[in-house]
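Below you'll find the structure, written out as structure tokens, and then a few comments.
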């Protein structure tokens, strides 16, 4: 008798929750790149790759997405797949279209001659701007389709989209760019964040290739120069690493980030426009979109290796595109050099000035990091090397070819995502050893040390001084890796005062400025203090209090609470909501002037009276007692 087989139920499949990721998107002058970053797993990075063919593959790095849209005729605005059916049509890069769609000012458009055809058409045809915008929406919608397919396949869920933008783009660009992305991606506007290209490239390279910068954990001034096709973005950062963990670092911006029009696309356009103008007069070259695109692609191949001071000679034969005719393209050396100077003179001039500024930090570690497609031009590299040598700083590092960076064209997209995936909080920033301090400025000279004012504890530290000490201003500074050991208490001078501890100071090297407070010249004894006002698990705000003891007793001169926030781009904590006096924007204003003969809290009263009456030669007193808050924030 055969046994009956009993069917067994299969165990239910385990459903893994989706991986929340930050998406970084960089729309370059030639192509588009997209990268996924996991905020929980810093080692995770996934570059979206375009595996579809293109008729202009030589212009794009492997995996990049073409950004050409086709608004000049009544045909389809954007190819969903293969671009070959479109190669007989006139196109424009998406980044160029954004200038017109965003309504850029005339003085901005004047800096980009390759936009002239778009400007003219938009002025003649009011509907052309709408057509450009629809082309951009279609392009990003196609990108979203591919992103969603990847998310489905790899179980991703996009939490935030970080878009990189040139440093010089105004608010109107970001408003229009966000509108387009919201339409194409179907996301809430608050999920679309902007990061500058300069900050993005800095974050990526510091995260992935800081060892190649040869910093050895030392604080360093690092100038990033990113030479794109349409513009050059620059920014100098002061990089400070945690001595206990060199991968844990903050970067402070030194001065303002900047951008200037100019790049290899300008050079390519100017040479092409000049040569086509010569040929049109002689009717020797077919003025068709396909022929012009073939010419531009050939120039794009040659421009990185061409001798700027020599002739440019090559044969152009693209078969059917030119009816089987071979054309010799010959451009005199003076034209090649003139067009180079017109296209790249402005960004190189700015780069050389930034290098001179960097050289002023002559006693510090300095580095110049150069990236971007235009930086591949040999002649440009030589100019930057000479600029560094002339100013006595090390030769610049060229990301390509020196560092052999994987997915080089995706660096900015990844960097923008890295900024947004930063999970730093105010509490974690303080818990790892950060401290705020008061740095006095006497007779225009800032002291080399700051008196501790605030750390992660509930202690209240008070900085006290007499008006006779000629302190003109007090700077609130922050050392992100102070790591103060509070068991090392300095003792006051004299055995009688041995029980009165002084709080330590910390050197201002490696610090960044948070706030500058001009000091009132009124006679008296002054006390400055900072205190957390929120719970220690949130550390949501701080209160700055300024007291003065004069002939009428203790006066509350300043009493103001400030929200505290994390700057993800720099890895720093700042106080938000600056003081509101229009004539003295950094002067702390009291909400209510109060003259107090006796403080309301007896413990605080005793502490204030005791501290204000003596001990001014010590400058600083520490206390575990929370200071009294007067008035409202």
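The values are calculated or read from the model by the stated rules, or taken from the named source; none is laboratory data. Note that the coordinates shown come from a computational prediction; the quantities given were computed from them, not determined experimentally. Glycine gets a Cβ as well: all are built from the backbone with ideal geometry, and neighbour counts include every protein chain shown.
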Would you check which residues across region 176-199 are in contact with a strand residue (DSSP E or B) (Cβ under 9 Å, 6 or more places away or on another chain), surrounded by fewer than 20 Cβ atoms within 10 Å (Cβ to Cβ), touching a residue at least 24 places away in the same chain (Cβ under 8 Å) and closer than 27 Å to residue 372 by Cα and list them?
193, 194
Single condition residue 496 does not satisfy, out of (1) buried (at least 18 other Cβ atoms within 10 Å of the Cβ); (2) at pLDDT below 85; (3) part of a helix (DSSP H, G or I)
(1)
Give region 449-468 a look and list any residue that's assigned to a strand (DSSP E or B) and out of contact with any helix residue (DSSP H, G or I) (no Cβ under 7 Å at 6 or more places or on another chain), or say none.
449, 450, 451, 452, 453, 454, 460, 461, 463, 465, 466
From the list 255, 229, pick out the single residue that is touching a helix residue (DSSP H, G or I) at 6+ places or on another chain (Cβ under 7 Å) and touching a residue at least 24 places away in the same chain (Cβ under 8 Å).
229
Within region 358-380, take every residue that is surrounded by 15 or more Cβ atoms within 10 Å (Cβ to Cβ) and out of contact with any strand residue (DSSP E or B) (no Cβ under 6 Å at 6 or more places or on another chain) and give me the one that is nearest to residue 168 (Cα to Cα).
373
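Given the structure, is residue 531 at pLDDT 85 or above, in contact with a helix residue (DSSP H, G or I) (Cβ under 7 Å, 6 or more places away or on another chain), closer than 25 Å to residue 448 by Cα and crowded, with 18+ Cβ neighbours inside 10 Å?
Here the answer is no, as residue 531 does not meet what is asked.
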Of all residues in region 352-367, how many are out of contact with any helix residue (DSSP H, G or I) (no Cβ under 6 Å at 6 or more places or on another chain) and under 21 Å from residue 229 (Cα atoms)?
2
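Yes/no per residue for (1) touching a residue at least 12 places away in the same chain (Cβ under 8 Å); (2) touching a helix residue (DSSP H, G or I) at 6+ places or on another chain (Cβ under 7 Å); (3) at positive phi:
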{"site": "391", "(1), (2), (3)": "yes, yes, no"}
{"site": "394", "(1), (2), (3)": "yes, yes, no"}
{"site": "408", "(1), (2), (3)": "yes, yes, no"}
{"site": "436", "(1), (2), (3)": "yes, no, no"}
{"site": "447", "(1), (2), (3)": "yes, no, no"}
{"site": "470", "(1), (2), (3)": "yes, no, yes"}
{"site": "477", "(1), (2), (3)": "yes, no, no"}
Find the residue count for region 271-291, including only residues that are assigned to a helix (DSSP H, G or I), surrounded by fewer than 20 Cβ atoms within 10 Å (Cβ to Cβ) and touching a residue at least 60 places away in the same chain (Cβ under 8 Å).
4
Can you confirm whether residue 310 is part of a helix (DSSP H, G or I), surrounded by fewer than 19 Cβ atoms within 10 Å (Cβ to Cβ) and in contact (Cβ under 8 Å) with a residue 12 or more places away in the chain?
no
Taking residue 207, is it touching a strand residue (DSSP E or B) at 6+ places or on another chain (Cβ under 8 Å) and either under 21 Å from residue 28 (Cβ atoms) or outside any helix (DSSP H, G or I) (or both)?
no
I'm trying to understand the selection: among the residues of region 428-448, which are buried (at least 18 other Cβ atoms within 10 Å of the Cβ) and in a helix (DSSP H, G or I)?
429, 430
